[in-house]
Amino acid sequence: MPSYRQWLRIRWPAALVATMGLLFTACGPIGANGPQSEQLAGDQTFRFPINNDIGTFDPAQLNAEVDSEFAINLFNGLLKFDNRYNIVPDIAERMPDVSADGLTYTFKLRKDVKFSNGDPVTARDFTYSWDRAAAARGPYGSNLSRIVGYGEVTTKNATVKHMSGLSAPDDDTFVVQLSQPTGYFLTEVAAYTLTTAVVDQKVVEKEPDTWWTKPETLIGTGPFKMVARSPKQSLDFEAVENWWGTPKSTLKKVHVDVIESLSSAIAKYEQGGYDTVGYGGMSTLPAEDVLRIQGGPKKDELHLIPKSRTTWVSFNFTKGPFKDMTGPAKELRQAFNLAIDRKKLVEVACARGTTCAVADGGLISKGLKGYVGDGKDSLATFDPAKARGLLKSADPDGSKTRGLTYWTNPSELNKAVAENLQSQWQENLGVHVDIQTVERQQFFQRQEKFEFILARTGWQADYDHPQDWFDNLFITGAGNSADGYSNPQLDTLVTTANAKQLGEAQRDYEQAAKIMIDDVRYIPLYYTVGQFLFKPYLEGAGSNNFQDYYWNGIHILQH
């Protein structure tokens, strides 16, 4: 098993690893039993900023990374990921029993689990929660699609409210029957904040649309509960007294400010106002600040961690000049691709390449299963002469590309990327593209309705399996599709791959990725490297490629 440093060198360019130096390791936990009491600071309040407000805490509707990073501390599921991204039992007392045909999973539940309001958790709560999540048809609802009865619950105007593949023979037993065996079902279950978390039926049904917005009704099973919220200003959480799980939290409170600028947040961090910057899905810090800190006396507080996130530009396949799969529309998509020098973009927008790397190996992030390979994505090629030739052929009078707008949601990185794209399209194609910024939640809502002709699109993997990308983003009708693309050949390949174990399915997924490249579906941009600032007195905080470490493992030492 390679060390983390060896892992980095295997999967990331040597220059980037060298730039990271010794900064790649996040703060590790003090130990299994936590610190001795005399080591702890008297004030166990964990403080950090975010610059995008929460969109939702409802597990049935969770989508954005920032929402999920909070939800993993408020809710629980049957299984979870530990900090090393292993699947381990959570509310389930052990891993499930699986039938010989791979279709039936039987989970035995712990008997001591309670919601934060004291209500006991039973198997019937999971039946309700999973039925509700399926019926909501949220961004991750398809995670439940292999359960028998899913189709009856999710059809338009469905009158059936219960998936027949779910049952609760007694309070402590939850049984799931699948319509076909899969190699990733337990991985989906472990991603519990994305549809599979348990919620309190008595609370949710009283205020089905707003229950998650108020402290008194945001009821979960997690080690923390929300105690105050001022939209677009701040959020406050407290440790749940006598919480059923482990480890018991030494943190008493968590305070989060919603701020407009991460640069101002870093300034406050440096003045002692925050314990970390980067938590809560905010690990893309301003390039100038990263470079300044990297060269200064506080460089040991900066930690760079490769993340499982890719960012690209999506075209609209339902309307506008790029929509047709072949002919002039495809030539235009290729022209806009070839006009982008990604090395220049990364140099300008990503702190001289220290905070991201060129995405030239497909949309599945570098280092994850399904990555096509270094330099294997022809869409990442820079050829401005060919781009201008294709543009002239596809749009000789300029009418098709007149008045285009590139849409994005607010962040300093998104702004830098948008301005660089605008500049390169103007310089290399002679096409002016306006930039329009839309508040995050509205941006995602509008993007899912295919309102934008050109738009920033990104995805942070929920788990290390290509199915997570293809089913949620790439197949026809995917819940997080941002472009309306549809190719039956790709759909067939993915269906075939999903029925196999990963080793056998890898070739099918790679072929599906090549179909998207051949169709010029997207403009690849970059793979993200997360940047975190941690105070030296902060123990147990950190992040892996997928998520921040849980709050109940964090300790604030005397300082």
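The values are calculated or read from the model by the stated rules, or taken from the named source; none is laboratory data. Please read these numbers as outputs of a predicted model, since none were measured by experiment. Note that we place each Cβ from the backbone using ideal geometry, even for glycine, and neighbour counts take in every protein chain shown.
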Picked from region 190-230 (must be closer than 15 Å to Asp125 by Cβ and β-branched (Val, Ile, Thr)), the residue modelled with the lowest pLDDT is Thr195
Can you name the number of the only condition in (1) part of a loop (DSSP other than H, G, I, E, B); (2) within 26 Å of Glu419 (Cα to Cα) that Gln436 fails? (1)
Residue that is loosely packed, with under 15 Cβ neighbours inside 10 Å and more than 28 Å from Asn544 (Cβ to Cβ), where the choices are Asp119, Asp97, Asp131: Asp97
Would a scan of region 494-506 turn up a residue that is assigned to a helix (DSSP H, G or I), in contact with a helix residue (DSSP H, G or I) (Cβ under 8 Å, 6 or more places away or on another chain), β-branched (Val, Ile, Thr) and free of Cβ contacts under 8 Å to residues at least 24 places away in the same chain? yes
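Condition check ((1) under 30 Å from Asp300 (Cβ atoms); (2) not in a loop (DSSP other than H, G, I, E, B); (3) not β-branched (Val, Ile, Thr)) across all residues:
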{"site": "Asp468", "(1), (2), (3)": "no, yes, yes"}
{"site": "Ser486", "(1), (2), (3)": "no, no, yes"}
{"site": "Tyr509", "(1), (2), (3)": "no, yes, yes"}
{"site": "Ala512", "(1), (2), (3)": "no, yes, yes"}
{"site": "Ile517", "(1), (2), (3)": "no, yes, no"}
Out of Thr476, Thr492, I need the residue that is surrounded by fewer than 19 Cβ atoms within 10 Å (Cβ to Cβ) and either touching a Lys or Arg at 6+ places or on another chain (Cβ under 6 Å) or over 21 Å from Gly138 (Cα atoms) (or both). Which one? Thr492
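Of the residues that make up region 321-339, is at least one part of a loop (DSSP other than H, G, I, E, B), among the hydroxyl-bearing types (Ser, Thr, Tyr) and at pLDDT 95 or above?
Checking region 321-339: at least one residue is part of a loop (DSSP other than H, G, I, E, B), among the hydroxyl-bearing types (Ser, Thr, Tyr) and at pLDDT 95 or above.
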Can you find a residue in region 432-455 that is under 16 Å from Thr310 (Cα atoms) and small (Gly, Ala, Ser)? yes
Quick check on Thr326: is it among the β-branched types (Val, Ile, Thr), in the same structural domain as Glu412 (by TED's automatic domain parsing) and out of contact with any helix residue (DSSP H, G or I) (no Cβ under 7 Å at 6 or more places or on another chain)? yes
Provide a single number: the residues in region 182-219 that are touching a Leu at 6+ places or on another chain (Cβ under 6 Å) and either surrounded by fewer than 23 Cβ atoms within 10 Å (Cβ to Cβ) or over 22 Å from Pro139 (Cβ atoms) (or both). 1
So which residues in region 101-136 are aliphatic (A, V, I, L, M) and within 23 Å of Thr154 (Cβ to Cβ), if there are any at all? Leu103, Ala123, Ala133, Ala134, Ala135, Ala136
Quick one: Gly389 ticks every box in (1) more than 24 Å from Trp469 (Cβ to Cβ); (2) not in a helix (DSSP H, G or I) bar one, so which box is it? (2)
Picking from Gln558, Gln531, which residue would you name as being under 30 Å from Asp275 (Cβ atoms), buried (at least 24 other Cβ atoms within 10 Å of the Cβ) and touching a residue at least 12 places away in the same chain (Cβ under 8 Å)? Gln531
Looking at Gln447, Gln441, Gln424, Gln460, which is the one that is buried (at least 16 other Cβ atoms within 10 Å of the Cβ), over 23 Å from the mean Cα position of the chain (by Cα), closer than 28 Å to Gly530 by Cβ and assigned by TED's automatic domain parsing to the domain that holds Phe382? Gln424
How many of the residues in region 533-557 are closer than 13 Å to Ile72 by Cα and among the aromatic types (Phe, Trp, Tyr)? 4
Report, by residue number, each residue of region 220-250 that is more than 24 Å from Ala60 (Cα to Cα) and either surrounded by fewer than 21 Cβ atoms within 10 Å (Cβ to Cβ) or of a type in the set (Phe, Trp, Tyr) (or both). Gln233, Glu241, Asn242, Thr246, Pro247, Lys248
Output the number of residues of region 521-548 satisfying the condition of being of a type in the set (Phe, Trp, Tyr), at pLDDT 95 or above, under 21 Å from the mean Cα position of the chain (by Cα) and part of a loop (DSSP other than H, G, I, E, B). 0
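Quick grid of which residues meet (1) farther than 17 Å from Ser543 by Cβ; (2) among the charged types (D, E, K, R); (3) outside any loop (DSSP other than H, G, I, E, B):
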position	(1), (2), (3)
Lys232	yes, yes, no
Phe237	yes, no, yes
Pro247	yes, no, no
His255	yes, no, yes
Glu260	yes, yes, no
Ala267	yes, no, yes
Leu285	no, no, no
His303	no, no, yes
Pro306	no, no, yes
Could you tell me whether any residue of region 396-419 is closer than 23 Å to Tyr526 by Cα, touching a residue at least 12 places away in the same chain (Cβ under 8 Å), touching a Lys or Arg at 6+ places or on another chain (Cβ under 9 Å) and surrounded by fewer than 17 Cβ atoms within 10 Å (Cβ to Cβ)? yes
Of everything in region 41-68, what is modelled with pLDDT of 95 or more, surrounded by 17 or more Cβ atoms within 10 Å (Cβ to Cβ) and not in a loop (DSSP other than H, G, I, E, B)? Give them in sequence order. Phe46, Arg47, Phe48, Pro49, Ile50
